[in-house]
Amino acid sequence: MLKTEIIEKLNEQIQVEFYSANLYLQMGSWCEANNFTGAAQFLLEHADEEMGHMRRIFTYINDTGSQAIIPALEQPPYIFESLLNVFEEIYKHECYVTSTINELVAATTKANDYSTLNFLQWYVAEQHEEEHLFMGIVERIKMVDGSKTGLLIIDKELAASAANRAQPTSTN
Ligand code: OFO
């Protein structure tokens, strides 16, 4: 059985992962509306991954005999200045998610909850991967400096990356 403060923190993380899924869905919608179909595909696929992150915690809480709580969610922003702005916001958001995972890890250490600490290692590694992924996309978009041809190439790359990540062999 988990300690109350750990259940509360895990439920807060459910809210963070759910919001991430909605944010990326919304950003995917903006990309679609602005003809970045590859970026849209990439973000919709990423929204599904975030739902997977949420479900892992949901299952973990319930497996320990506690109850996962589905939260009310804030509406994500839906107006963006550019594709660069979308990915800068994602990078910022992922850094925030990393900070919430780190807080959770610190809480489990303080509570001597080694099972949850072990469970969270997957998220620690995932956040490292995601920050690296989105920082790389931001850097590539900056490199093309607003060139339409450059943005189209990046959009194509994002479509290919989405197709790759959606492979059944993917661990995400
Ligand atoms: Fe993209 O973050 Fe979940 O964990």
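The values are calculated or read from the model by the stated rules, or taken from the named source; none is laboratory data. In this text, all values refer to a predicted model and were calculated from it rather than measured experimentally. Reconstructed Cβ throughout: ideal geometry from the backbone, glycine too, with neighbour counts over all protein chains shown. Quick note on the areas: whole protein, heavy atoms, side chains included, nothing else; ligands and nucleic acids left out. Shrake-Rupley method; radii C 1.70, N 1.55, O 1.52, S 1.80 Å.
Numerical summary
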quantity: Any hit, the stretch 73-91, residues being within 16 Å of the ligand (Cβ to nearest atom), in contact (Cβ under 8 Å) with a residue 60 or more places away in the chain and crowded, with 19+ Cβ neighbours inside 10 Å; calculated: yes
quantity: Among residues of the stretch 50-72, those that are open to solvent by 50 Å² or more (accessible area, probe 1.4 Å), among the small types (Gly, Ala, Ser) and within 14 Å of the ligand (Cβ to nearest atom), counted; calculated: 0
quantity: Which listed residue, of 2, 44, 25, is out of contact with any Gly (no Cβ under 7 Å at 6 or more places or on another chain) and farther than 30 Å from residue 111 by Cβ; calculated: 25
quantity: Tally of residues being farther than 20 Å from residue 79 by Cβ and open to solvent by 20 Å² or more (accessible area, probe 1.4 Å) across the stretch 3-44; calculated: 11
quantity: Checking residue 47 against (1) among the small types (Gly, Ala, Ser); (2) within 13 Å of the ligand (Cβ to nearest atom); (3) open to solvent by 60 Å² or more (accessible area, probe 1.4 Å), the condition it does not meet; calculated: (3)
quantity: Scan of the stretch 92-132 for residues that are open to solvent by less than 30 Å² (accessible area, probe 1.4 Å), within 30 Å of residue 33 (Cα to Cα) and of a type outside the set (Val, Ile, Thr), ordered by number; calculated: 93, 94, 126, 127, 130
quantity: Residue check, residue 133 in contact with a helix residue (DSSP H, G or I) (Cβ under 7 Å, 6 or more places away or on another chain) and either among the polar types (S, T, N, Q) or part of a helix (DSSP H, G or I) (or both); calculated: no
